[in-house]
1. State, as an integer percentage, the relative contact order of the range 1-113 based on alpha-carbon contacts under 8 Å between residues 6 or more apart.
2. For residue 371 and residue 115, what does the FRET efficiency come to when R0 = 22 Å and r is the distance between their Cβ atoms, rounded to the nearest 0.05?
3. Report, in cubic angstrom per residue, the convex hull volume of the C-alpha atoms of the chain.
4. I'd like the antiparallel share, as a percent to the nearest 5, of DSSP beta bridges with both residues in the range 303-435.
5. Output the antiparallel fraction of DSSP beta bridges having both residues in the chain, as a percent to the nearest 5.
6. Subtract the Cα-Cα distance of residue 237 and residue 337 from 0.36 nm times their separation in residues, and report this length gain in nm to one decimal.
7. Under 20 Å from the 7 Å Cα→Cβ point of residue 274, by amide nitrogen: which residues of the range 65-95?
8. Testing the spin-label approximation: label points 7 Å from Cα along Cα→Cβ at residue 180 and residue 306. State their distance in nm.
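Each reported figure results from applying straightforward, stated rules to the coordinates on display, with no laboratory input. Everything quoted here is computed from the prediction, not taken from an experiment. Cβ: placed from backbone, ideal geometry, glycine included. Neighbour counts: every protein chain shown.
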């Protein structure tokens, strides 16, 4: 192996990747995690960690806390998944992705353990992140759960704080077919005597968290109990909110109604973390919240772009809750017609998701550029059963060629359904910009 692309090809060949091939890559066990932990000698114990799980919003919460830590002067690791364009987006220090050279040298140095332990892609690359943070001498790392919690590789850590954003239906084949069962898996990250924050109260799941927290003597906080929002202003780039309980005003670049819930979680987490991180002040919190995307590199959450005359919104929402929230946002965002560019992975339960989309809109069906991607023609057929009519496109260039004929000023193009589809779009933005004579 000589270069970065060859190393990634090697990893995808010898470490099964869920984001690439789906269910056959997932092995519900921590056995290999413990083997890797012994081999790498627990690098995650060399710095403080915050563990962030949940169904939706965990990426936004992780990036937001990272931005606040960075603004407060700490050296900060951030581990999230999946990536949108480049693998190293998963592993960041102070908002900057790990270098390609690090990935190459790490795999070269430790490839023998791959053949010995035979870990999954996520198991191996989680320890790559842990080791990178140790090498970079970070002071704190935000660690996002990959899937579930109880049996997730990241659950090897002993954090100073655990966070569970919310519970919704996703990955039911692994996590269970009821909200209670899913919550039980997510609650697996609750540690003995370690505070845990739950982002949203839900009748079906509150009792699960209360029971597990009680058994583990973990102080439990429901973020919704502490903050009540009044919306002062909200637009494509910023929203300003007042907490009616404290009369404090917060401004954030996290746009969208659902981010108002995440912001409650973020603020309650910050208050819990202040004792361990005294450099967090009201000023660093304020600046961090205003610049989360810039500082941390967060992308794909109600992001707006302009390409030539096109107004485009991209969002990584991909399950019932995520798509439902996105569609609520769209009611207030466009004066004209909506043009949906959608694509999904093949193991997603699409019937309840497709039922949410508006029937009067225009649709363009694409296959995400991964092995798990659902064939666009099959998606078109499934969508037609819900009276969602549109055309199949082989790539984004063809999509925008078709949009040229239908798009009118005031319309909005929405790219959603899979983080992989959003990643494909971001990968093609430069070529699309050239093709469309676009200014981004």
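1. 22
2. On the way: r = 23 Å, r/R0 = 1.03.
That gives a FRET efficiency of 0.45.
3. In the chain, the Cα hull volume divided by residue count equals 139 Å³.
4. Taking every DSSP beta bridge with both residues in the range 303-435, the antiparallel ones total about 30 percent.
5. Of all bridge pairs located within the chain, approximately 35 percent are antiparallel.
6. Using 0.36 nm per residue and subtracting the Cα-Cα distance, I get 33.9 nm.
7. Output list for this probe position: 65-74.
8. Using points 7 Å along Cα→Cβ, the separation is 5.2 nm.
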